[in-house]
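The values are calculated or read from the model by the stated rules, or taken from the named source; none is laboratory data. This one's a predicted model, so the numbers in the text were calculated from it and none came from an experiment. Please note: Cβ atoms are built from the backbone with ideal geometry, for glycine as well, and neighbour counts cover all protein chains shown. Heads up: the accessible areas ignore ligands, DNA and RNA and are worked out on the full protein's heavy atoms, side chains in. Shrake-Rupley method; radii C 1.70, N 1.55, O 1.52, S 1.80 Å.
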Amino acid sequence: LFVGNFIKEKGADVAMDVAMNIIAKRSDAKFVFVGNIFGDYKHRDTMQSRKNALLRTGMASFMSNLGGADLVKAYQKASILLLPSKYEAFSRVLAEAQSCGCAIAATRVGGVPEVVSDGKAGFLSDYGDWRSLEENVCFLLDNPAEAKKMGANGSRFVRKNFECSIIIKRLEAIYGELL
């Protein structure tokens, strides 16, 4: 599963290329892309070409931006969330996916390591190391029990660290120190 606008900064082009490479090697992987194509005209054409190529395989589907219960269902159906972002602050998508039990394959950029525990809730690759990212996705596909375990680890981590009541307590402590 990839969730985000289909822009280079979110790595949509990389996610589509990784999907195409994996589809060429195996017949058991299905990819779902949730988002919309944005960007300059040339970029839109390139993304549309990638999208069309993936659709022709019959192993990928695309949905416009989903919200609420529909997005939760997409996360719950997926075993892996793929997010090869160029940069991220706090990635809400990663936290949401983990809370729903998805193992993660993402880039080690910005705040991502604060949200995803590398090796425990999924795997992080250096930005630009697309071979490593693809290998991580294949590992999770080849080892569904490990992917499920990582998804459960991520879910526990998100509940322990990012539930509203916990964030409110942290903010209250910060405000208390400032006053």
Open item on the list: Among 55-61, 31-37, how do they line up by average Cβ neighbours within 10 Å per residue, starting with the highest?
Closed with: 31-37, 55-61
Open item on the list: Pairs on different chains or at least eight residues apart, Cα atoms closer than 15 Å: how many lysine pairs in the chain fit?
Closed with: 12
Open item on the list: Given axes a ≥ b ≥ c from the Cα gyration tensor, I'd like to know whether region 1-152 is rounded (a/c under 1.5), prolate (a/b larger than b/c) or oblate.
Closed with: rounded
Task: Relative contact order [Cα under 8 Å, 6+ residues apart], region 73-179, whole percent - done: 27
Open item on the list: Considering only protein heavy atoms and a probe of 1.4 Å, how much of the accessible area of the chain is carbon and sulfur, as a whole percent?
Closed with: 54
TODO: Hey, can you find the accessible area per residue of the chain for me, probe 1.4 Å, expressed in square angstrom?
DONE: 54
Open item on the list: Can you tell me, using C-alpha contacts under 8 Å and at least 6 residues apart, the relative contact order of the chain as a whole percent?
Closed with: 20
TODO: With N denoting the number of residues in region 70-179, provide Rg(C-alpha) divided by 2.2 N^0.38 Å, to two decimal places.
DONE: 1.13
- [ ] Place the peptides 105-117, 17-29 in order of packing, highest mean first, counting for every residue the other Cβ atoms within 10 Å and averaging per peptide.
- [x] 105-117, 17-29
Task: Net charge dipole size for the chain [Lys, Arg +1 and Asp, Glu -1 on Cβ; Debye, nearest 20] - done: 420
Task: Gyration tensor (alpha-carbon) shape descriptor, region 99-153, a/c threshold 1.5 - done: oblate
